[in-house]
Amino acid sequence: MKRPNSAPRSVSKDRPAKAAPRVPAQPAKPAKAAKLAKPLAKPAARPVRSAQPAAPVGRATGSLSNQRLKQEQRRLSVLAKIDRKEARSRTREQLSQIRRFTQANRTRRIVALSLLTSVLALVGLVLATMFTPMMAIESIQVTGLHRLKAAQIQAAVKGLIGKPLTMVDESQLVSRLSGFSLIESFNTVSLPPHVLQLNIQERQPIGVVSVGGNNYLYDAAGVQISPVSSQAKYPVIEVNGNPAHSANYREAVDVLLALPASLYPSVSSIQATTKDDVRLTLRGVSNRQILWGDSSQSLLKSKVLAALMKNVKHTATVTFDVSSPSAPAVRYGAF
């Protein structure tokens, strides 16, 4: 059932609202005298904590700044190390490039200094040996003598005693040994510090030449060596005049030198009538001869002669003609 709408009460703005009724204030009860006279008790004191007091704000801020400063210093130190390593690496690279580009110059300087040092050392050594008794000759050894006497040679060269080994030359020895015709050649060997060795090659006889009714041994150069009483070991070279200036003698010697070593002792005599006519007579009762011709083709003639002699008896009187080795001939009987 609907409640009938009641008209709202209008409140006039001009009419003031009713005030609430005032309640009369009751007088306060008087406090007891005993309670008022009792003094108030003090609160119990709290124990003091042993913990350190908190740092002031200013000090904490300073500690944080120090830590950051140290971190920054460490960072800068690391960067400085890296920079130093990079600088050393760049320096090494630059030095290697400098060495590479200056290698040729340094090599030339080293070679030049080495050569200069060697030359100076050599000059110093030569001067020391020339002007000081450091390498003066004190004894002379003579070797290679068969017919000559060592005392004769030493007496001829004793003037070299006291001279430095480096100051002895060949001309000085030639002048002192020129009187010995049997000396064909010589050489010297220095045995530091004070010995000079003199090696002498004597002349070797190659045949016997009759001069003035006497027989003498001569070498290949036509130099007389010594008189000889028996020519059993050497062939007689038939020549007129001085063998040293005879063309026939040189031709006969060339043939003797070209003969096989096994045939040379069997040669009794040799005669070079002309340059192209050289005849040899072999030892033995058969009186065999060899027509050699000139001294050309000596090796081929020797081989052909050896082949011919193998097929002929030793007792037969024959003449072997090898003057033309391509057409040799053997003639029996005296020819």
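Computed from the coordinates by the stated procedures, all read-outs in this text should not be read as laboratory data. Fair warning: this is a prediction, and the values are worked out from it, not measured in the lab. Cβ atoms come from the backbone with ideal geometry, glycine included; neighbour counts cover every protein chain shown.
Computed quantities for the displayed model
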read-out: Fewest-first ranking of 170, 184, using other Cβ atoms within 10 Å as the exposure measure; value: 170, 184
read-out: Trypsin sites (Lys or Arg not before Pro) restricted to the stretch 120-158 and DSSP loop, no more than 14 other C-beta within 10 Å; value: 147, 149
read-out: Descending Cα extents along the principal axes, the stretch 190-335, whole Å; value: 66, 37, 27
read-out: Cα-centre dipole for the stretch 100-179 with unit charges at Cβ (Lys and Arg positive, Asp and Glu negative), debye to 20; value: 360 debye
read-out: Amide proton proximity set for residue 141, modelled H, under 5 Å, gap of 5+; value: 196, 197, 198
read-out: Given charges at beta-carbon only (K, R positive; D, E negative), |dipole| of the stretch 205-332 in Debye; value: 500 debye
read-out: HN-Hα J in Hz across the stretch 210-218 - Karplus 6.51, -1.76, 1.60, θ = phi - 60°, x for Gly and Pro; value: 8, 10, x, x, 10, 9, 10, 7, 10
read-out: For residue 309, net neighbour charge (Lys/Arg +1, Asp/Glu -1) across residues whose Cβ lies under 13 Å away; value: +4
read-out: Global form of the stretch 137-266, assessed from the alpha-carbon gyration tensor, a/c cut-off 1.5; value: prolate
